[in-house]
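To start, the structure itself, in structure tokens.
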Amino acid sequence: MAPEPAPSARGSEGADQVPRAEETPFRALLRKHLGTDPNDVPVLTERFEPWEHIVVQSGLNAYLAGNDRAHQAVGLIGSAAGGSFHVHPTLAQILAPASALSGAFEVGAPDWASVPTGAGRSAPCLQQGVLLITDPSGTLAVYLRQEVFPLRRVCLDVLAPEPESAAGFAAELRRLMSENNPYRRQVLRLTQDENHYFSVRFVPRPTFEGQEVVLPPGILELIEEHTIGIGLQRDRLLAAGRHLKRGLLLWGPPGTGKTHTIKYLISRLSEYTIIEMVGSQLGYIGIAGALARSLAPAVLVLEDVDLIAEDRGMPGQSPRRLLFDLLDMLDGLDEDADVVSVLTTNRPEILETAIAARPGRIDRAIEVPLPDAEGRRRLLDLYGRGLHLQVEDLDEVICRTDGVSPSFIKEMLRQAVLRVAPDDGPVVVTDSELKAVLDVLLDPANPLTRLLLGAKPEAPAMAHGRPGHT
Ligand SMILES: Nc1ncnc2c1ncn2[C@@H]1O[C@H](COP(=O)(O)OP(=O)(O)OP(=O)(O)O)[C@@H](O)[C@H]1O
Ligand SMILES: [Mg+2]
């Protein structure tokens, strides 16, 4: 952005014919630091989105830590500094000779806040203040402030006697922001804060111990090959002129492990930045794409994309349009970027038309089905860990759970534990507890419970004896 001259007291006919701005403590400080009247120095303003605030801070930290660079941080205090205005005035407004604001500030301590820089980590982030920077190439003053409208952007007003120094600072800052971006290699969830503003939240990276994902033989391998495997072949693929970008759709009934599988992938892709969204938030798809591009290697997780079809979306956006926007965003990602998009849905038929109209964005669709008998046996092993499963008629349990999801089996074992009389020894679960739990969970009189737990509306084992059932 081209530097904008600060409202200046300088006049073309000579300084002595123009009234100089009234001296204030802040202007005096700037004058001393810059070695000239701050009103004679152009202001370069750089604007950043609110969620980039911590990235700006990381860039500033790296810049200020540079060799031979010294700085002092000062704040502007006074009712006009933020509180009563709900917006920080610009440097141009503060320095304007005739401005009512110019005398309204005292120089004091800068305003810092502790903000998250990772899951369970935080660091100080300047909310408003001026950095007086000195390095061998000269002096700079950088005023950080926040706009309220539109959308709480973070602004840096840069004052440097030499315009090239301000531009050089801005370019170097952007480079350092990218190099030190605290979002990189983190798991990020795009969401809305309590005021409905877009926000980026850090979540801990899931951890898995051993074989915790139970899928039919070959399915997990296929998923890993298309996500992790292609990333491992990055150099070979690029050398051969092949693209790296890939898109995967996991589809299947509720509770079969689509989200669980993604968590497992995330646990293994520790070098990747993960950007997660759910269907109802897909209005932010443009931001998700921009983050994936700048933070690659990255995984874009777009859960329950069918929800877009029902969501009213952002004002002025139709759900159908959002779905196309999503596919266009995937299309817009650099072919050579190591970006994996993983979409999930219960209802692939809703996406069919859009995906068919925009071929190539999703290049693999994999069904995550309900477990078969062998799968249910493995799930009983998995979720029976830590228990003494003394089940004599395991086949009966396997048979009765035909058509249920893995999450149903997990819940079944949890409820069985609750039925065991508490004592200090190991929890022993027998046929009787499992039978009692299944009687309740599969009760035809309670179809909603079955549905909530991922069992078919009519569990076949219960329905077999019913007249008229085919
Ligand atoms: N295939 C599986 N292997 C092991 N555990 C599973 C599996 N599927 C589900 N679970 C267990 O059930 C829980 C719920 O499953 P999950 O949220 O992954 O289902 P989903 O397919 O994403 O469902 P939805 O379509 O409703 O989003 C998981 O956290 C996990 O504990
Ligand atoms: Mg899910």
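The values are calculated or read from the model by the stated rules, or taken from the named source; none is laboratory data. Since the structure is predicted, the reported quantities are computational estimates derived from the model, not experimental observations. Glycine gets a Cβ as well: all are built from the backbone with ideal geometry, and neighbour counts include every protein chain shown. To get the accessible areas, we keep the full protein, side chains included, count just its heavy atoms, and leave off ligands, DNA and RNA. Shrake-Rupley method; radii C 1.70, N 1.55, O 1.52, S 1.80 Å.
Can you name the residue in the range 153-197 that is hydroxyl-bearing (S, T, Y) and in a loop (DSSP other than H, G, I, E, B) and is also most open to solvent (accessible area, probe 1.4 Å) among such residues? The extreme case among them is Y197. Scanning the range 244-273 for residues being within 16 Å of ligand 1 (Cβ to nearest atom) and either over 23 Å from E349 (Cα atoms) or of a type in the set (K, R) (or both) gives a total of 7. Residues of the range 276-300 that are assigned to a strand (DSSP E or B) and buried (at least 20 other Cβ atoms within 10 Å of the Cβ): E276, M277, A298, V299, L300. For first residues located in the range 113-130 and over 24 Å from D157 (Cα atoms) and of a type in the set (D, E, K, R), partners that are open to solvent by 10 Å² or more (accessible area, probe 1.4 Å) and modelled with pLDDT of 95 or more and lie 6+ apart or on another chain with Cβ distances below 8 Å form the pairs R121/F202.
The condition of being within 16 Å of ligand 1 (Cβ to nearest atom) and surrounded by fewer than 15 Cβ atoms within 10 Å (Cβ to Cβ) does not hold for R378.
The set of residues in the range 263-275 that are open to solvent by less than 10 Å² (accessible area, probe 1.4 Å) and within 16 Å of ligand 2 (Cβ to nearest atom) comprises L265, I266, I274. Scanning the range 342-364 for residues that are within 16 Å of ligand 2 (Cβ to nearest atom) and under 10 Å from L249 (Cβ atoms) yields V342, L343, T344, T345, P348, L351.
Restricting attention to the range 204-235, the residues being under 23 Å from R184 (Cα atoms) and either over 22 Å from the mean Cα position of the chain (by Cα) or part of a helix (DSSP H, G or I) (or both) number 11. Among residues of the range 254-268 that are in contact (Cβ under 8 Å) with a residue 24 or more places away in the chain and of a type in the set (D, E, K, R), those with a beta-carbon under 7 Å from a residue that is assigned to a helix (DSSP H, G or I) and more than 9 Å from ligand 2 (Cβ to nearest atom) at least six positions away or on a different chain give the pairs R268/I228. Checking every residue in the range 295-303 against the condition of being in contact (Cβ under 8 Å) with a residue 24 or more places away in the chain and out of contact with any Leu (no Cβ under 9 Å at 6 or more places or on another chain) gives zero matches. Of all residues assigned to the range 383-398, none qualifies as being open to solvent by 50 Å² or more (accessible area, probe 1.4 Å), away from ligand 2 (no atom under 16 Å from the Cβ) and touching a residue at least 60 places away in the same chain (Cβ under 8 Å).
To keep it simple, each residue is scored yes or no on (1) at pLDDT 85 or above; (2) within 16 Å of ligand 2 (Cβ to nearest atom); (3) touching a strand residue (DSSP E or B) at 6+ places or on another chain (Cβ under 9 Å).
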{"position": "P369", "(1), (2), (3)": "yes, yes, no"}
{"position": "D372", "(1), (2), (3)": "yes, no, no"}
{"position": "R377", "(1), (2), (3)": "yes, no, no"}
{"position": "D381", "(1), (2), (3)": "yes, no, yes"}
{"position": "M412", "(1), (2), (3)": "yes, no, yes"}
{"position": "V417", "(1), (2), (3)": "yes, no, yes"}
{"position": "S432", "(1), (2), (3)": "yes, no, no"}
{"position": "A455", "(1), (2), (3)": "no, no, yes"}
{"position": "H464", "(1), (2), (3)": "no, no, no"}
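Of all the residues in the range 206-222, those that are in contact with a helix residue (DSSP H, G or I) (Cβ under 6 Å, 6 or more places away or on another chain) and either within 16 Å of ligand 2 (Cβ to nearest atom) or under 24 Å from A292 (Cα atoms) (or both) number 4. Of all the listed residues (I262, I228, I266), the sole one being of a type in the set (V, I, T), assigned by TED's automatic domain parsing to the domain that holds S341 and either farther than 28 Å from D328 by Cβ or in contact with a Leu (Cβ under 7 Å, 6 or more places away or on another chain) (or both) is I228.
If you scan the range 381-408, which residues turn out to be more than 8 Å from ligand 1 (Cβ to nearest atom), among the aliphatic types (A, V, I, L, M) and either in a helix (DSSP H, G or I) or over 38 Å from the mean Cα position of the chain (by Cα) (or both)?
Answer for the range 381-408, where residues must be more than 8 Å from ligand 1 (Cβ to nearest atom), among the aliphatic types (A, V, I, L, M) and either in a helix (DSSP H, G or I) or over 38 Å from the mean Cα position of the chain (by Cα) (or both): L389, V391, L394, V397, I398.
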